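Colleague: One structure, as structure tokens, below. Some questions next.
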Amino acid sequence: MTLIKVTDLNKKGILENLNFEIAPGIVAVLGENGAGKTTLFDIIAGLRKNYLGTIAVNGKAKLADRKMLISYVPSFKYISRFTTFKKLAKDFSQIYPDVDQARLNEMVEFFQIDQSENLAKASKGTIGKWKMALCFSRKVPVYLLDEPFNGIDVITRKKIMNSILLWKPEESVILLTDHYFNEISSILDHILIINHQKLVAQADVEDIREQGKSIEDFYIEQLDE
């Protein structure tokens, strides 16, 4: 079962001829800073234009259909710094009518979110929690998490990783980027590696383990080739 199919994807100066398919599970896109991971996520989510190639999500290639099948919370850089989490959640619910309010409340409680806090006062870790709470408040086939653990302390990271499997609906995919390769390996099913704008490798995590390697070992090997 293919949930995401990327065919001949090109974004000038950023991504070159990417082709891959992703099945249900938890998949990490790995690459150095500036490798094009965020651009790839923005394109899949329908937030970037001027690219060549096709993106299909659950067999749907039309942009409007695709957007409703993906839960992705991009950067808040264009949002007023005085916006509170409560306002963000309200706006998110208006944009996506499939938000499960009970699920959102569960996320707020899990992350211990102060809904009156605004972006100006929120730490990087707090903003990361806000984005994950909003993302998982929807029940869709595809979740995109761009560096979800960035700025989050190690204890909370482990707590979140242990809970992701509970939040993830059956037959869905979580596609994430992260730099904590070995730390997140226990929850991963598959990895893709982007280097110099190209997809240089993809592998099942179980196959990597059977070779007696860590994800970090495998990743470094691909960059050295």
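The values are calculated or read from the model by the stated rules, or taken from the named source; none is laboratory data. Please read these numbers as outputs of a predicted model, since none were measured by experiment. Neighbour counts run over all protein chains shown; Cβ positions are idealised from the backbone, glycine included. Accessible surface is based on the protein model in full, side chains and every heavy atom, while ligands, DNA and RNA are left aside. Shrake-Rupley method; radii C 1.70, N 1.55, O 1.52, S 1.80 Å.
Colleague: Carbon and sulfur: what percent of the range 80-156's accessible surface (1.4 Å probe)?
Modeller: Working: 1950 of 3800 Å².
Here carbon and sulfur together make up 51 percent of the probe-accessible area.
Colleague: Another question, then. Compute the distance from the alpha-carbon center of the range 201-220 to that of the range 151-184, in whole Å.
Modeller: Each part reduced to its Cα centre gives a spacing of 18 Å.
Colleague: Which residues' amide hydrogens lie under 5 Å from the amide hydrogen of LYS139, considering only partners 5 or more residues apart or on another chain, with H built in the peptide plane?
Modeller: Hits under the 5 Å cutoff: ASP100.
Colleague: Where does helix 85-95 land angle-wise versus the long Cα axis of the chain, in degrees 0 to 90, nearest 10?
Modeller: The two axes meet at around 70 degrees.
Colleague: What distance in nm separates the simple spin-label points at GLU117 and ASP189, each placed 7 Å from Cα in the Cβ direction?
Modeller: 3.3 nm
Colleague: Using the crude model of +1 on Lys and Arg Cβ and -1 on Asp and Glu Cβ, and no other charge, please compute the dipole size for the range 36-107 relative to its Cα centre, in debye to 20. List each step's numbers first, then the result.
Modeller: Numbers: 13 positive and 6 negative charges, 59 e Å.
Dipole size: approximately 280 debye.
Colleague: Could you pull the accessible area for LEU47 with a 1.4 Å probe, rounded to 10 Å²?
Modeller: Surface accessible to solvent at LEU47 totals approximately 90 Å².
Colleague: What whole-number value in Å² describes the accessible area per residue of the chain for a 1.4 Å probe?
Modeller: Values: 11320 Å² over 225 residues.
Averaged over the residues of the chain, the accessible area is 50 Å².
Colleague: Taking amide H positions as placed 1.01 Å from N in the peptide plane, with prolines and chain starts having none, which residues 5 or more places from ASN150, or on another chain, fall under 5 Å of its amide H?
Modeller: none
Colleague: Still on this structure, I have one more. Have a look at the range 1-57 and give its Rg and Dmax from the Cα atoms, expressed in angstrom.
Modeller: In Å, with Rg to one decimal and Dmax whole: 11.0, 32.
Colleague: Next question, about the same structure. With a bin width of 10 angstrom, please list the P(r) values of the range 105-225 as percents of all Cα-Cα pairs, from the 0 bin to the one holding the largest distance.
Modeller: So the P(r) values, bin by bin, are 11, 40, 32, 14, 3.
Colleague: Report the label-to-label distance for GLU221 and ILE95 in nanometres (one decimal), using points 7 Å from each Cα along the Cα→Cβ vector.
Modeller: Calculated label separation equals 4.0 nm.
Colleague: Once you have the alpha carbon radius of gyration of the range 1-160, what is it after dividing by 2.2 N^0.38 Å, with N set to its residue count? Please list the in-between numbers first.
Modeller: Values: Rg = 16.2 Å, N = 160, 2.2 N^0.38 = 15.1 Å.
Dividing the Cα radius of gyration by 2.2 N^0.38 Å gives 1.07.
Colleague: Determine the sum of side-chain charges near THR83: Lys and Arg each +1, Asp and Glu each -1, restricted to other residues whose C-beta is under 15 angstrom from that of THR83.
Modeller: Values: positive: LYS77, ARG81, LYS86, LYS87, LYS90, LYS121, LYS131; negative: ASP91, ASP114, GLU117.
Around THR83, the surrounding residues sum to +4.
Colleague: A follow-up question, please. Could you give the angle, 0 to 90 degrees to the nearest 10, between helix 154-167's Cα long axis and the longest principal axis of the Cα atoms of the chain?
Modeller: 90 degrees
Colleague: Sticking with this one: Scan around LEU176 for amide H atoms under 5 Å from its own, H built in the peptide plane at 1.01 Å from N, and keep only partners 5 or more places away or cross-chain.
Modeller: Residues meeting the criterion, in which the H sits 1.01 Å from N, are VAL27, ALA28, VAL29, LEU145.
Colleague: Continuing with this model, one more query. Report, in deg cm²/dmol and to the nearest 500, the calculated mean residue ellipticity at 222 nm for the chain, where each DSSP H run with n ≥ 4 adds -39500 (n - 2.57) and the sum is divided by the residue count. Intermediate results must be reported in sequence, preceding the final value.
Modeller: Values: 9 runs with 81 residues, N = 225.
Per the formula, -10000 deg cm²/dmol.
Colleague: What pairs in LYS5/LYS62; LYS60/LYS86; LYS67/LYS168 have C-alpha atoms more than 22 Å from each other? Write down the numbers at each step before the final one.
Modeller: Working: LYS5/LYS62 13 Å; LYS60/LYS86 32 Å; LYS67/LYS168 18 Å.
Violating the 22 Å limit, Cα to Cα: LYS60/LYS86.
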